[in-house]
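Asker: Just passing along the structure, written as structure tokens.
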Amino acid sequence: MLFKVSISILCLSMTFANEVYSVLYFKGDVTAYTLNEKKGFVPSKVREKQTLATPFRIETGSNSLIVIKSKSKTNKIDSKSKIDFMETGKDAVVDVKYGSILTRFINKRKLKGYEMKIKSRTAAMGVRGTTFIYYSEPRTGKNFLAVDEGAVSYKGKNSNNEVGVNKKQSIISNSDFKNLAPKDYAFQRHINWELEVGRNTLSQPEALYESFNRVWEEHKKDQEFTWQKRNKDMENKWKSMSKN
């Protein structure tokens, strides 16, 4: 698996510029896979004040966490996560194999159309400037996106369309990995949005994932959210009102 990942990321790294991240903080068991021209991707334990140039992978163990920062992004990666970071020149690409990433993204490069793209095996997202958290469960791939500031476009793997998720909203996909309606789901209340090192705790509470699992079980068979359905419902509502 690592060999296949190495080939695809290596092609990107030779074609486009690298983005450099600094390790602001970490705790517990955190491993970085960084590119060596002769050996491919080499794992090593993260060090204080270490710099990481894309492409690279971060893996965190139980009760572990890392905060990394580049010119345009600050990322907090929670425990039990595996996440790849790439740069295509046009876009920054983050591939969430599993786990949780909380990001503050500001397009300081001032590049027109420059985006941060988040992908996983069950969803894809486009970001232009916002603060958000994305989580993908390791075994099943059930996932959520929550937005604190700005907006993110979200598309479940089997959805017919993208959905815009705005400030203070979140979204999940159903058991068929299709979008449900974005709204203020109950699990949002447990999100730790803190990114500043040295201010209280940075870890996400277990209550967040427990609450998400309850919400997902409640909605896993709900119908996909589509604007066509919404417009049809509004049309029927107006017809009903006109008859009265």
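The values are calculated or read from the model by the stated rules, or taken from the named source; none is laboratory data. Keep in mind that this is a model prediction, so the values were computed, not measured. No Cβ is skipped: glycine too gets one built from the backbone with ideal geometry, and neighbour counts run over all protein chains shown. With ligands, DNA and RNA removed, areas are computed over all heavy atoms of the protein, side chains included. Shrake-Rupley method; radii C 1.70, N 1.55, O 1.52, S 1.80 Å.
Asker: Pop the C-beta distance of ARG47 and ASN213 into the FRET formula with R0 = 25 Å and round what comes out to the nearest 0.05.
Answerer: E between ARG47 and ASN213, to the nearest 0.05, is 0.10.
Asker: Just to verify a number: FRET efficiency for ASP222 and LYS38, C-beta to C-beta distance, R0 = 45 Å, to 0.05?
Answerer: Computed FRET efficiency for ASP222 and LYS38: 0.30.
Asker: Beyond a 31 Å Cα-Cα separation, which of these cross-linked pairs lie in this structure: LYS27/LYS183; LYS71/LYS167; LYS90/LYS221; LYS38/LYS73; LYS80/LYS155; LYS49/LYS220? Numbers along the way, then the final one.
Answerer: Numbers: LYS27/LYS183 33 Å; LYS71/LYS167 23 Å; LYS90/LYS221 37 Å; LYS38/LYS73 29 Å; LYS80/LYS155 24 Å; LYS49/LYS220 42 Å.
Those over the limit are LYS27/LYS183; LYS90/LYS221; LYS49/LYS220.
Asker: On to the next question. At R0 = 41 Å, how high is the FRET efficiency between ASP176 and ASP29 if r is their beta carbon distance? Nearest 0.05 is fine. Working shown, then result.
Answerer: Values: r = 35 Å, r/R0 = 0.85.
Rounded to the nearest 0.05, the efficiency is 0.75.
Asker: Would you mind calculating the gained length between VAL197 and THR88 on full extension (0.36 nm times residue separation, minus the Cα-Cα distance), in nm to one decimal?
Answerer: Difference between extended and current length: 36.4 nm.
Asker: Would you list which aspartates and glutamates come within 13 Å of LYS157, measuring only between C-alpha atoms, while excluding same-chain residues fewer than 8 positions from it?
Answerer: LYS157 reaches ASP176, GLU224.
Asker: Next question, about the same structure. With both partners inside the stretch 23-62, how many of the DSSP beta bridges are antiparallel, as a percent to the nearest 5? Mind dumping the intermediate values first?
Answerer: Values: 11 of 11 bridges.
Antiparallel bridges make up about 100 percent of those DSSP assigns within the stretch 23-62.
Asker: Same structure again: Residue separation times 0.36 nm, minus the C-alpha to C-alpha distance between LYS71 and ARG128: what's the value?
Answerer: Difference between extended and current length: 19.1 nm.
Asker: In debye to the nearest 20, how big a dipole does the stretch 135-197 give about its Cα centre with +1 on each Lys and Arg Cβ and -1 on each Asp and Glu Cβ?
Answerer: Rounded to the nearest 20 debye, it is 320 debye.
Asker: Ok, one more. For the stretch 100-106, take each phi angle, set θ = phi - 60°, evaluate the Karplus expression 6.51 cos²θ - 1.76 cosθ + 1.60, and give the result in whole Hz per residue in order, putting x for glycine and proline.
Answerer: Once rounded to whole Hz, the list reads 10, 9, 10, 10, 10, 10, 10.
Asker: Give me the one-decimal nm value for the distance between modelled label points at VAL20 and GLU162, 7 Å along each residue's Cα-to-Cβ direction.
Answerer: 3.2 nm
Asker: Now a separate question. So what's the net charge close to ASP148: Lys and Arg +1, Asp and Glu -1, counting the other residues with Cβ under 13 Å from its Cβ?
Answerer: After counting each charged neighbour, the total is +2.
Asker: Need one value: the accessible area of SER79 in square angstrom, 1.4 angstrom probe, rounded to the nearest 10.
Answerer: Approximately 30 Å² of SER79 is accessible to the 1.4 Å probe.
Asker: Right, something else. When Lys and Arg each count +1 and Asp and Glu each count -1, what net charge do the other residues less than 14 Å away from SER211, Cβ to Cβ, add up to?
Answerer: -3
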